[in-house]
Structure formats: C-alpha cells, structure tokens
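The values are calculated or read from the model by the stated rules, or taken from the named source; none is laboratory data. All figures in this text were calculated on a predicted structure; none of them were measured in a lab. Don't worry about glycine lacking a Cβ; one is built from the backbone with ideal geometry, like all the others, and counts go over all protein chains shown. We work out accessible area using only protein heavy atoms, side chains counted, and drop any ligands, DNA or RNA first. Shrake-Rupley method; radii C 1.70, N 1.55, O 1.52, S 1.80 Å.
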Amino acid sequence: MQGTKITSTPLAGRRAGVLGSGRSGQAAARVLHAMGAAVRVVDKDAARLASVYDGTKEGGLFELVSGEHEPAQFAGLDLLVVSPGARVRDIEPFLPADLPVISELELASRQVQEPAIAITGTNGKTTTASLTDFMLRRAGKKVFLGGNIGTPLSEYLLTEDRADVIVLEVSSFQLQHCETFRPRVGVLLNFSPDHLDYHASLEEYLEAKLKLFENQTGEDVALIDQTLRGEIEKRGGVAARVEWLTTEIDFSTPHLLGAHNRQNLEAAWKAVREMGVSEEDARAAAYDFEPPPHRLQIVANKRGIIFIDDSKATTVDSLVAALKAMDRPVRLLAGGKYKGGDLEALRPLLAEKVRSVGLFGGAREVFEKAWTGAAPVFWEETMTKAFARHMAEAEEGEAILLSPATASFDQYKSYAERGNEFRRLAEEA
C-alpha cells in the first residue's frame, strides 16, 4: 500500500475485527485494511466511535459497530485484534469458538523486519525503553520508540520511514495475545503483583510476561532480573542466550536515582550492545539522560526541601524502590486506587526513611491498617490538603515525595495529571 511499509495483501478476501477505538485500535484497523481485509471496528461506546470515525475516510471504509457486546458483533470474522486493556474473557461468551484473537502488537510484528528490543516488567519499563532509545540515537542509530510507551507499533507500519532498531515497551496486556512475536532482545526487568484487576491470577500475569521469550531462539538475547532466575529455571528456562540483570553497573548517571535504576541502566546498556553501540557511547548517553516525567523526578527545591514527583509509582514495589533511593528524611504522599501488594512489608522501611505519611484519596483504610505505628500517618481528602500539612512540618534537608503506590483513577484521569498537580504545588510552595 502506497505510503506504508505494507507491500502485500495477505488478508485479501478476509474479514477482520478490531475491539476498541483508541489509538492502538485505530492503527490496527488501518493496518488490517492495508493488508486487504474488510474491517469491522467494535466499541461499546457509540459516542467514542463516532468521535473517532465520523466524517473521516476510514469511517466510510470500516464497518462500525457499537453497543453492549453480543455474538452478532463478532459473527463472520476471520480474525479479531484486541486493543490493550480489553479483557478477552469478558467477550469470550460472544466469540465464535474458532476465532483467532491476537493483540495489536502481534499483528504489527508480523510485518516488521527490523530487529526489535522489547522491554517489559512490572516497574521501570518506560525509563528503560527511553534510555535504550537515547543510547541508540546518541550512537547514530535511527530508532522507532513505541508500544505501550505511547505510539503503537502499527503506526510504524503506516509510514515509509525505516528505522535501524525498533524499541518497544510492552505490557502484559499486549503480550498475552501474542503468538509469533520474537524480539531480538527481550528484557524482563522485574515482576511483582499488579494488574490483578485485569488478569485472572498472578500466574496468568506472569505467563503473559514470559511470552516475551516464547519465540526466541539461540540467536536472540534474554535479559532477565536475577531474582527471577529460580522461577525461570523451574519452568524450563528459555531458548535465548540469557544474561541476568543486577545493579552492579558502574556508569555515572547523575539524574537517575536508586538501585532499581542501576538495573534499568544495565538492561539498556546490554540491549544496545547487541545493536553495535560502543561502551563509550553508552556511557556518554547515560550521563546526560534524564528520566521521563513522574519517575523520581526532582521538580523543585525550596528552603532546602526537595520535592520529588514519582506519580508513576502505581505499585507497592515501585514505592519500595523510591524509598530505598532516598538519602534524606522523607515526607511521603501516598494513596489512591489500591491495586494490591504487601503494604505491611514496608513497615521497617517506613520506620527507617519516613518522618510522616500523608494519605489522600482512596484506600485510606488499607493504608492506615498496614502502616499505623510504623510512622506518623494522617489522611486528607485531597493531595492539596495533605501537601499543605507536610509543608507546615517539613524541615530543611528533608524531601517531600509523591510515590502513591496506587493507580490515580479515584481522583485523577492519569498518573500524569496527579504528578502535574504535585509539581504545581511544589512550585507554588
């Protein structure tokens, strides 16, 4: 198809469906059309479907179906592509028994020829993918950075520009419905309970992550957190050459805080090394790299108090990493839509690092039950009020840290909106 990288029509005469009309679903629909398929887009939300397709070229090309799911929405399809976040088990009662279901990542990867570095894990994916991209670009490589980080891989196929290397942040949602996806370098940074509101069990979540290595061969590389070694070996290992990730790398990184970022750095370096990047170039890039927003980002320094935005810390493990990275007493802001994890295990770390905990928003009872007595704990309805109480007590040499250990959806549209409000509060303090 002119203007894309798709040069054949393997789905000519076939009917393909796309579940979801977000950015990923839109790109998948366009790729399916370019591959020759007749495309049906299914979305419960009629208003969202209309806002995307009304008055557009695709709106006339695609069959648009909205409303509560029913068998008729999926009847007659030869293939269904699901957007990230769409739980297949919710629609299984309506699907034909033999209908193949794949993710947008799987669809696009079948057409991509360039070597890929794919990065997953419960925490640290975006930082590591961004750092990997930064190192490759500093070494003169043309890079496509996408996946869960914001730009679907399908969008890469819809342009004519060629990259030397594909760098992908990949989620369990995307991996769960992959069949043939095979990255040249697969990275599993860590694993801890998360997304149990999506996955049926912790085992299902882990199995989705491990699909990253399922199609790799001895010609490929798997970079895996050393703490997972026993689990990987118990399951029979992986076919790729494995290197276990530690925190022992000696690159200088003035903008990356904490031991967990040392492991992220090691993963990025070992990944780009496979693409021909020299250690000299990698070291220089690591020194200059600044993490993406909302990931242990120092956003202000007032009266000797530093303000650190770690709003992306939506899990208990990410809060642990943040506290371990602190080298000064902490006034902690936490709370929101709790996703699970062992809060009580943090009690010794709270006692060591935290002067006071300001809870806000949802999950008050869960946090208070787990933490009362380990550090002074108070609750306010909003982050603004909790921040103000911390400011009234904070002293020179301390840090006010937003590291919520929760999703943001009780009070905010996203972790970014939550982090941006924290930054505003810090700048106005």
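Counting only residues that are more than 16 Å from Arg364 (Cα to Cα), of a type in the set (Gly, Ala, Ser) and either open to solvent by less than 20 Å² (accessible area, probe 1.4 Å) or assigned to a helix (DSSP H, G or I) (or both), the stretch 395-426 holds 4 of them. For the stretch 1-48, filtering for residues that are open to solvent by less than 70 Å² (accessible area, probe 1.4 Å), closer than 14 Å to Gln111 by Cβ and basic (Lys, Arg) leaves 1. Among the residues of the stretch 300-312, those that are crowded, with 20+ Cβ neighbours inside 10 Å and either at pLDDT below 95 or closer than 21 Å to Glu396 by Cβ (or both) comprise Ile305, Phe307, Ile308, Asp309, Lys312. Residues that are surrounded by fewer than 20 Cβ atoms within 10 Å (Cβ to Cβ) and either in contact with a strand residue (DSSP E or B) (Cβ under 9 Å, 6 or more places away or on another chain) or more than 21 Å from Thr127 (Cα to Cα) (or both): does the stretch 328-335 have at least one? Checking the stretch 328-335: at least one residue is surrounded by fewer than 20 Cβ atoms within 10 Å (Cβ to Cβ) and either in contact with a strand residue (DSSP E or B) (Cβ under 9 Å, 6 or more places away or on another chain) or more than 21 Å from Thr127 (Cα to Cα) (or both).
Among the numbered criteria (1) open to solvent by less than 30 Å² (accessible area, probe 1.4 Å); (2) within 29 Å of Pro183 (Cα to Cα); (3) part of a helix (DSSP H, G or I), which one does Leu80 miss? Condition (3) is where Leu80 drops out. Answer yes if at least one residue in the stretch 242-258 is under 20 Å from Ala116 (Cβ atoms) and surrounded by fewer than 20 Cβ atoms within 10 Å (Cβ to Cβ), and no otherwise. Yes.
Screening Gly85 on (1) part of a loop (DSSP other than H, G, I, E, B); (2) open to solvent by 60 Å² or more (accessible area, probe 1.4 Å) shows it passes everything except condition (2). Of the residues Thr372, Thr384, Thr406, the single one that is more than 18 Å from Ala321 (Cα to Cα) and within 29 Å of the chain's Cα centre (by Cα) is Thr384. The set of residues in the stretch 1-43 being under 20 Å from Gly150 (Cβ atoms) and in a helix (DSSP H, G or I) consists of Arg23, Ser24, Gly25, Gln26, Ala27, Ala28, Ala29, Arg30, Val31.
Checking Thr384, Thr315 one by one, the residue that is within 22 Å of Phe409 (Cα to Cα), among the β-branched types (Val, Ile, Thr), open to solvent by 20 Å² or more (accessible area, probe 1.4 Å) and touching an Asp or Glu at 6+ places or on another chain (Cβ under 8 Å) is Thr384 and no other. Residues of the stretch 261-292 that are farther than 19 Å from Arg137 by Cβ and either free of Cβ contacts under 8 Å to residues at least 12 places away in the same chain or open to solvent by 30 Å² or more (accessible area, probe 1.4 Å) (or both): Arg262 alone.
The rows are residues; the columns are (1) closer than 20 Å to Glu417 by Cα; (2) modelled with pLDDT under 95; (3) over 23 Å from the mean Cα position of the chain (by Cα).
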| position | (1), (2), (3) |
| --- | --- |
| Gln263 | no, yes, no |
| Glu266 | no, no, no |
| Gly276 | no, no, yes |
| Tyr287 | no, no, yes |
| Leu333 | yes, no, no |
| Glu368 | no, no, yes |
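Cβ-Cβ distances below 8 Å connect the following pairs, each with a first residue in the stretch 53-79 that is over 21 Å from Asp98 (Cα atoms), a second residue that is in a loop (DSSP other than H, G, I, E, B) and open to solvent by 30 Å² or more (accessible area, probe 1.4 Å), and a separation of six or more residues or different chains: Ser66/Lys44; Ser66/Asp45; Gly67/Lys44; Glu68/Lys44. Within the stretch 242-260, can one find any residue that is hydroxyl-bearing (Ser, Thr, Tyr) and touching a residue at least 24 places away in the same chain (Cβ under 8 Å)? Within the stretch 242-260, one or more residues are hydroxyl-bearing (Ser, Thr, Tyr) and touching a residue at least 24 places away in the same chain (Cβ under 8 Å). Inclusion of Arg137 among residues that are basic (Lys, Arg), modelled with pLDDT of 95 or more and open to solvent by 20 Å² or more (accessible area, probe 1.4 Å) is warranted.
Annotation note: of Arg30, Arg87, Arg15, Arg23, the sole residue that is touching a strand residue (DSSP E or B) at 6+ places or on another chain (Cβ under 7 Å), in contact (Cβ under 8 Å) with a residue 40 or more places away in the chain, under 29 Å from Ser172 (Cβ atoms) and of a type in the set (Lys, Arg) is Arg15. Scan the stretch 50-65 and give yes if some residue there is open to solvent by less than 60 Å² (accessible area, probe 1.4 Å) and under 21 Å from Phe173 (Cβ atoms), otherwise no. So far as the stretch 50-65 goes, yes, one or more of its residues are open to solvent by less than 60 Å² (accessible area, probe 1.4 Å) and under 21 Å from Phe173 (Cβ atoms). Take the residues of the stretch 115-149 that are part of a loop (DSSP other than H, G, I, E, B) and in contact (Cβ under 8 Å) with a residue 60 or more places away in the chain: which is farthest from Ser24 (Cα to Cα)? By that ranking, first place goes to Ala139. Every test in (1) at pLDDT below 95; (2) within 25 Å of the chain's Cα centre (by Cα) is passed by Glu58 save one, and that test is (2).
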